[in-house]
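*Asks:* Let me begin by handing over the structure; questions about it come next.
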Amino acid sequence: MPSELTLLEFLRNRLYLTGTKEGCGIGECGACTVLLDEKPVTACLVLAVEVDGCIVETVEGEATGGQLSVLQRAFVETGAVQCGFCTPGMIMSARGLLRRNPNPSDEEIVEAMAGNLCRCTGYEAILAAVRRAAAAVRPAVGPLAGEVGLADGRSLRGAVPKRDPEKGGRR
Amino acid sequence: MTRELRVVGTSVPRDDAIDKVTGAARYTTDLALPGMLHATILTSPHASARIVGVDLTDARSVPGVRAVLAGSDLDVRLGLYLRDKRILARDVVRYQGEPVAAVAADTLDVAREACRRIRVEYEELPAVFDPRDAMAAGAPLVHPDLAGYDHMRGVFFPRPGTNVAHHQKIRKGDAPASLAAADVRLEASFYNPPVQHVPMETHASIAQALPEDRVEIWTSSQSPYTVRHLLSVCLGLPHAAIRVHVPYVGGGFGGKAGLGLEPLATVLSRAAGGRPVLVSATREEEFNTMPSRQGLHSTIKIGSTCDGRITALEATYVWDAGAYADYGVNVGRAAAYSGAGPYAIEHCSIDSYVVYTNKVYGTAYRGFGHLEVLWGIERVMDQMARKLGLDPAEFRRRNLLKEGDTTITGEPFTAGHGKPVECLDAVAKAIGWGRPPAAASDPRKVRGKGIAMLHKAPAMPTYTSCAVVIKLDEDGAADVLVSGVDYGQGTYTVLRQIAAEELCLPIGKVHITWECDTALTPYDWQTVASRFSYMGGNAVIEAAADCLRQVRAVAAQALGVAPETIVCEDELAFPAAEPGRAIAYKDLALGYTFPNGNAIGGPIIGHGRFIATGLTHLNPETGQGRPAQFWTYGAHAVEIEVDTETGEIEILHIATAVDAGKVLNPLSCTGQVIGGVVQGLGSTLHEGFQFDDKGQLLNPSFVDYKIPTAKDLPRRMTPIFLENPQPGGPYGARGVAEHPMISVPSAIGNALADALGIDYTVLPLSPERVLLGIQKKDKTP
Amino acid sequence: MLGRFDYERPTSLAEAARLLTECGSSAAVLAGGTDLLVDLRAGRRIVRLLVGVKRIDALRRLDVDSAGELTIGAAVPLNEMIERAAIRRTHPGLVQAAESIATYQLRNRATAVGNLCNASPAADMAPILLALGACLIAWSPRGERTIPLSSLFVGVKKTCLAPDEIATELRVPAPEPGLRSRFLKQQRLRGHDLAVSSAAGTYAPSTGVLRLAVGSCAPTPLLLEPIEVGRSSRAAVEEKAVRAVQVAMRPISDTRASADYRRAVLPVLVKRLVADLLAEGGAP
């Protein structure tokens, strides 16, 4: 193994675990976040040779037996995923947080996640997903924290129709 | 629009989210083709220089190198609207960061080693960096051969012998005379620096040159058909010889709307004997080599009556196109026809110049010039309101477009346009406009409130079109095939919802093919301009109707009734009066087989399309015409707190109203608003390219180019949607994707003026800029 | 991407020193790597050997002895220091400085000693450690050397460490009873950023001595002359501190900020720092 191979290159190019993404290569964006002995680190700034004897966890290990974890489900439901490129890194930072602190405050969530850049979502839905996963609330269909308000005072959540959207309609 | 909708208008979560949260989603750099090579690019260290000589021999000798190219190897000219660009610089370099040579090798390390061994000799030439300098007589010419470039005639007007790539004019009434006669006049100038899109996934393309002059491409792009078309033009190949796949895309924001690295990957593959070649931008290359958002210098003059009716507006927009015109000329065009804001103005004169400079070139960026223009326009509105002694919201109410008004291009404003005044009122109410802010907790901090309007129509050719195919599976589920790209905005989910609604299928039985493939998925123009949900949605509705027509025809024949009597409900087709005689879609999807074995019908495949209607070219002298398929209006209101000792701004509350016509999916619409507002905060508070006096980009990385993090959010964000329907929109919907970003800087600039009594005209409103402004004011008697 | 080099992971200081001496200037110590790897990627440094020191027990010490002296080993990641409750209690300024560095992920790798040895004028750990009177222990085959931090920085990104010296630990002297410490950093945004300006200070009510240090305003971080607070009013102390800073600072204009802004904002940080440190009944 060449000493100069980063952990990120090793994961992606040798182990073909392409879930972990490269966003900048200098540890600024968090896209390559993995857990190294349960601690979130940016894989671009770790050499593969350094992790000999350590446990590395990537996003591919988050779901078990084909079932999404509560955390992953929360990301899906709150709208925390748009282009998805930052998502694996976000999931790993959140996983690291929830392992060391299963009941984080809002401030602690921000501190844990702030090292992961996102350009699409504006972060609110991501933070809501982590809160939701921590609270382990049963997934409920609906927009993220806060009502989607209409100018006339109606709320769009209230406009979700009563009929089961899973059934077909009539033409 | 009164029928009860079952799935359109609900917050269906996206199904692609599952691939993304598990790491299964494959983006371009996650793909590996057998024998794939890796490429690196050698870029120019100079902003303007002649390439005296390029020596590739040493580079070619490195083991594992399969192709090395320089500009002199390639006689190809590229360009979206103006063919002014090369794949690799040839004869001259025009910006620091411009690709000069490229290597394809077995590994990235080998490619980099070879790149280091390429010798280029340059002779520096005079350069010009400020577009205003570039417009002056005697300025160095970035494109001395401008006269010889192909361009889209009748739409764009380059001026050979100058640095002007395009000049768009709006002439309505007699603005100079009206201004001169106005009761009150005001003039101000503003500046937006160039910024970068910063998609989390940088540009990446794989190309494989195939025998018989064909090429197959996988690319992180917003526009597979545009990639195909432009390559067809510049390589002289028939369209069918080029196949473009778009896998998952990690953000675009306009930066991936046109051609990116596809041409380079293609020529490298050709040179490497047809081996596939991956070219992927490093983050530094994304900032320094890939295109940016044009900078803008604007000067705006408005005239008003004493009681607050704007009579005239004159604006000069000087766009910093950088070294190549790309989308820049269209931004200059679109910004002109939108360039007076959403107001009824009888006399208007706008000159929008797109000007070459020796810097990285500009391209489409979310908002397409509107954020930049409205930075000036919405600030000037506030300044004029203050000069007149009027409340800024009230001043706007008196001038916002209403039914019966015409726009500055002569387009009538109708009820179908939506209600800008309602947007204004909604955000004003949300932040308690009219009540002064509560006192800041800290005596060193000051609070202020600001308001700004936004508007935009899709800036697109008059013939823009979109096609959709829907095919039914054996189990009666529907597959929707499109070539618009979902690069995060969520349109695919919306299209699934529309298909499910129209086909009477549960949402779980409607699928959309994630990967676009120009050989298989039908034509879509480009995924830009906030027009995909609108046009794609309409095309899906038509395609679904086509499918149901086929369903009814076969069912009717099978049941021995007239097709008009068949209703479709819940995946079943039956005569209205005889629900007991239903046939399931799954028994029709591939044709219907009678009990005795006879078969009728066949695989059900529906197609739909949409083409822009009623659009006209703009008159080259007056800009009059109908450029807009639809307009979307909106507003922001913001309350801020400023630390007067450090210059830091905190956004306490930002309320954003958009007249969406119909919110097709509240979850994703909200996502667009929150995401757009935060991206707007980036442009407002943190972002801007910095160049030294030799045109070197000083901040080509996240160390010194800062985008908002999770710690930089407003305390509170309130998205508000209005639903005044858009005639012709699917369920009355309009596009909303770009809009939330537009006018965020203006609202905050207005709030700063309220808080500090200072008019800031240059972005970003960094702590430094704010504090130095405060100090300057304190020193002024 | 990072060049071509070998990697060794010794388990003793002696072994590490031997490797470094053999390779001379083309070898480098790899602790957290968050500065080094970025420099290697950019081609700003070229090495032939990286000597990983995270397995050397001697460099992993993080403890407070009975007298209250704090030892921070060179291989201790910042987060480990931040999360040590005892340190949070007795040295809040130290924790503030560490927490301001980069991101949570980087703080699982980056080290305080590494931050100092990188010797950026904006090094976030420098001002507080200067104010605390910390020393850096350097080990070489010739023996061990105790370097007061005030002597460590000799220029922009230059320390007084000899090529064959390995920085092994930081020693922070036992704090005076009730010592208060604070760190303030001016950034361009609230998200992770380098310092545009920074200031740190300690104040011991028992001795009445105020110690201030500033960063990102000169080629090296600067420790200012201690100020005897005595019976002076807070405003008088603030003024004295600001004057001292204005005399000492030599800010430049760079991509991050202009000299004018730094001249405007550093005194603001210093005033706020002093006000906080001298606040009546203030916590440590």
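*Asks:* Consider region B:1-29. How many of its residues are within 7 Å of another protein chain (Cβ to nearest Cβ) and free of Cβ contacts under 8 Å to residues at least 24 places away in the same chain?
*Replies:* Residues meeting the conditions: 6.
*Asks:* Here's something else I'd like to know. Within region A:78-130, can you find the residues that are assigned to a helix (DSSP H, G or I), away from chain C (no Cβ under 13 Å) and among the small types (Gly, Ala, Ser)?
*Replies:* Selection gives A:Ala125, A:Ala128, A:Ala129.
*Asks:* Anything in region C:155-209 that is charged (D, E, K, R), more than 30 Å from C:Lys54 (Cβ to Cβ) and in a loop (DSSP other than H, G, I, E, B)? List them, or say none.
*Replies:* Step one: of region C:155-209, the residues charged (D, E, K, R) are C:157-158, C:164-165, C:169, C:171, C:176, C:180, C:182, C:185, C:188, C:190, C:193.
Next, only the ones that are more than 30 Å from C:Lys54 (Cβ to Cβ) stay: C:176, C:180, C:182, C:188, C:190.
Selection gives C:Glu176, C:Arg188, C:Arg190.
*Asks:* Pick from region A:1-25 the residues that are touching a Lys or Arg at 6+ places or on another chain (Cβ under 7 Å) and among the β-branched types (Val, Ile, Thr): which of them is nearest to the other protein chains (Cβ to nearest Cβ)?
*Replies:* Here the residue is A:Thr18.
*Asks:* A further question on this structure: For region C:1-52, enumerate the residues that are part of a loop (DSSP other than H, G, I, E, B) and acidic (Asp, Glu).
*Replies:* Quick first cut of region C:1-52, residues part of a loop (DSSP other than H, G, I, E, B) only: C:1-5, C:9-12, C:31-35, C:43-48.
Answer for region C:1-52, where residues must be part of a loop (DSSP other than H, G, I, E, B) and acidic (Asp, Glu): just C:Asp35.
*Asks:* Among B:Ala323, B:Ala257, B:Ala335, B:Ala265, which is crowded, with 23+ Cβ neighbours inside 10 Å, modelled with pLDDT under 95 and within 29 Å of B:Leu697 (Cα to Cα)? Step through it out loud before you land on a result.
*Replies:* Numbers: B:Ala323 fails: modelled with pLDDT under 95; B:Ala257 fails: modelled with pLDDT under 95; B:Ala265 fails: modelled with pLDDT under 95.
The unique qualifying residue is B:Ala335.
*Asks:* A further question follows. Would you mention how many residues in region B:693-724 are more than 7 Å from every other protein chain (Cβ to nearest Cβ), among the charged types (D, E, K, R) and assigned to a loop (DSSP other than H, G, I, E, B)?
*Replies:* Summing the residues that are more than 7 Å from every other protein chain (Cβ to nearest Cβ), among the charged types (D, E, K, R) and assigned to a loop (DSSP other than H, G, I, E, B) in region B:693-724 gives 3.
*Asks:* I've got another one for you. How many of the residues making up region B:169-189 are over 34 Å from the mean Cα position of the chain (by Cα) and β-branched (Val, Ile, Thr)?
*Replies:* The total comes to 1.
*Asks:* Let me ask another. Any chance region C:129-141 includes a residue that's buried (at least 18 other Cβ atoms within 10 Å of the Cβ), touching a helix residue (DSSP H, G or I) at 6+ places or on another chain (Cβ under 6 Å), part of a helix (DSSP H, G or I) and away from chain A (no Cβ under 13 Å)?
*Replies:* Yes, region C:129-141 contains a residue that is buried (at least 18 other Cβ atoms within 10 Å of the Cβ), touching a helix residue (DSSP H, G or I) at 6+ places or on another chain (Cβ under 6 Å), part of a helix (DSSP H, G or I) and away from chain A (no Cβ under 13 Å).
*Asks:* Oh, and also: Contact list please: Cβ distance under 8 Å, first residue in region C:56-78 and modelled with pLDDT under 95, second residue part of a helix (DSSP H, G or I), pairs at least six apart or on different chains.
*Replies:* Partner pairs satisfying both residue conditions: C:Ala58/C:Leu13; C:Val64/C:Ala86; C:Val64/C:Ile87; C:Val64/C:Thr90; C:Gly68/C:Thr90.
*Asks:* Does any residue of region B:243-262 turn out to be over 16 Å from B:Ser280 (Cα atoms) and more than 23 Å from the chain's Cα centre (by Cα)?
*Replies:* Looking through region B:243-262, at least one residue is over 16 Å from B:Ser280 (Cα atoms) and more than 23 Å from the chain's Cα centre (by Cα).
*Asks:* Considering B:Gly732, B:Gly728, which residue is on the phi > 0 side of the Ramachandran plot, touching a Pro at 6+ places or on another chain (Cβ under 6 Å) and outside the structural domain of B:Gly488 (by TED's automatic domain parsing)? Outline the logic, then answer.
*Replies:* Values: B:Gly728 fails: touching a Pro at 6+ places or on another chain (Cβ under 6 Å).
It is B:Gly732.
*Asks:* Okay, next question. Exactly one of these conditions fails for C:Thr21: (1) in the same structural domain as C:Pro141 (by TED's automatic domain parsing); (2) farther than 22 Å from C:Ala131 by Cα; (3) among the hydroxyl-bearing types (Ser, Thr, Tyr); (4) modelled with pLDDT under 95. Give me its number.
*Replies:* All conditions are met except number (1).
*Asks:* OK, next. Mind listing whichever residues of region A:51-77 are facing chain B (nearest Cβ under 9 Å) and β-branched (Val, Ile, Thr)?
*Replies:* Within region A:51-77, A:Thr58, A:Val59, A:Val76 meet the criteria.
Each row is one residue, and each column tells you yes or no for (1) farther than 22 Å from A:Ser3 by Cα; (2) touching a helix residue (DSSP H, G or I) at 6+ places or on another chain (Cβ under 9 Å).
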residue	(1), (2)
C:Met1	no, yes
C:Ala31	no, yes
C:Leu36	no, yes
C:Arg61	yes, no
C:Glu69	yes, no
C:Ala75	no, yes
C:Ile87	yes, yes
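*Asks:* Quick one: which of B:Ser280, B:Ser298, B:Ser304, B:Ser232 is farther than 30 Å from B:Arg60 by Cα and out of contact with any Gly (no Cβ under 7 Å at 6 or more places or on another chain)? Give the derivation first.
*Replies:* Values: B:Ser280 fails: farther than 30 Å from B:Arg60 by Cα; B:Ser298 fails: out of contact with any Gly (no Cβ under 7 Å at 6 or more places or on another chain); B:Ser232 fails: farther than 30 Å from B:Arg60 by Cα.
Answer to the check: B:Ser304.
*Asks:* Now for a different question. Name the residue that is farthest from B:Ala426 (Cα to Cα), counting only residues in region B:681-692 that are in a loop (DSSP other than H, G, I, E, B) and more than 9 Å from every other protein chain (Cβ to nearest Cβ).
*Replies:* Within region B:681-692, the first condition is being in a loop (DSSP other than H, G, I, E, B), and the residues that meet it are B:687-690, B:692.
Restricting the remaining residues to those that are more than 9 Å from every other protein chain (Cβ to nearest Cβ) gives B:687-689, B:692.
Numbers: B:Glu687: 29, B:Gly688: 31, B:Phe689: 35, B:Asp692: 44 Å.
Checking each candidate, the answer is B:Asp692.
*Asks:* Any residue in region B:629-643 that is touching a Pro at 6+ places or on another chain (Cβ under 9 Å), within 14 Å of chain A (Cβ to nearest Cβ) and among the small types (Gly, Ala, Ser)?
*Replies:* Yes: one or more hits.
*Asks:* If the requirement is being crowded, with 24+ Cβ neighbours inside 10 Å and among the aromatic types (Phe, Trp, Tyr), which of these qualifies: B:Tyr95, B:Tyr122, B:Tyr81? Show your work before the answer.
*Replies:* Numbers: B:Tyr122 fails: crowded, with 24+ Cβ neighbours inside 10 Å; B:Tyr81 fails: crowded, with 24+ Cβ neighbours inside 10 Å.
Just a single option satisfies the conditions, and that option is B:Tyr95.
*Asks:* Where residues in region B:236-293 are charged (D, E, K, R) and outside any strand (DSSP E or B), which of them is farthest from the other protein chains (Cβ to nearest Cβ)? Walk me through it before giving the result.
*Replies:* If we filter region B:236-293 for residues that are charged (D, E, K, R), which is where we start, we get B:243, B:256, B:262, B:270, B:275, B:283-286, B:293.
The next check asks that each one be outside any strand (DSSP E or B); those that pass are B:256, B:262, B:270, B:275, B:283-286.
Details: B:Lys256: 11, B:Glu262: 20, B:Arg270: 25, B:Arg275: 17, B:Arg283: 4, B:Glu284: 9, B:Glu285: 11, B:Glu286: 9 Å.
Per the stated criteria, the residue is B:Arg270.
*Asks:* Let me ask something else about it. Please enumerate the residues belonging to region B:407-436 that are within 21 Å of B:Gln726 (Cα to Cα) and assigned to a loop (DSSP other than H, G, I, E, B).
*Replies:* If the condition is that a residue be within 21 Å of B:Gln726 (Cα to Cα) and assigned to a loop (DSSP other than H, G, I, E, B), then B:Thr407, B:Ile408, B:Thr409, B:Gly410, B:Glu411, B:Phe413, B:Thr414, B:Gly418, B:Lys419 are the ones that fit.
*Asks:* Given the residues C:Arg231, C:Arg262, C:Arg243, C:Arg180, which is the only one that is away from chain B (no Cβ under 14 Å), surrounded by 20 or more Cβ atoms within 10 Å (Cβ to Cβ), over 24 Å from C:Gly32 (Cβ atoms) and not hydrophobic (A, V, I, L, M, F, W, C)?
*Replies:* Values: C:Arg231 fails: surrounded by 20 or more Cβ atoms within 10 Å (Cβ to Cβ); C:Arg262 fails: away from chain B (no Cβ under 14 Å); C:Arg243 fails: surrounded by 20 or more Cβ atoms within 10 Å (Cβ to Cβ).
Only one candidate passes the filter, namely C:Arg180.
*Asks:* When residues of region B:578-634 are filtered for being part of a strand (DSSP E or B), of a type in the set (A, V, I, L, M) and closer than 30 Å to B:Asn724 by Cα, how many remain? Steps first, please.
*Replies:* The initial filter retains those residues of region B:578-634 that are part of a strand (DSSP E or B), namely B:583-584, B:589-593, B:599-603, B:605-611, B:632-634.
Pick out the ones that are also of a type in the set (A, V, I, L, M) and you get B:583-584, B:589-590, B:599-600, B:605, B:611.
From the residues that got through so far, the ones that are closer than 30 Å to B:Asn724 by Cα too are B:611.
Residues in region B:578-634 being part of a strand (DSSP E or B), of a type in the set (A, V, I, L, M) and closer than 30 Å to B:Asn724 by Cα: 1 in total.
The values are calculated or read from the model by the stated rules, or taken from the named source; none is laboratory data. The shown structure was predicted, so the numbers you read here are calculated from the model rather than taken from an experiment. Cβ sites come from the backbone with ideal geometry, for glycine too, and all protein chains shown count toward neighbours.
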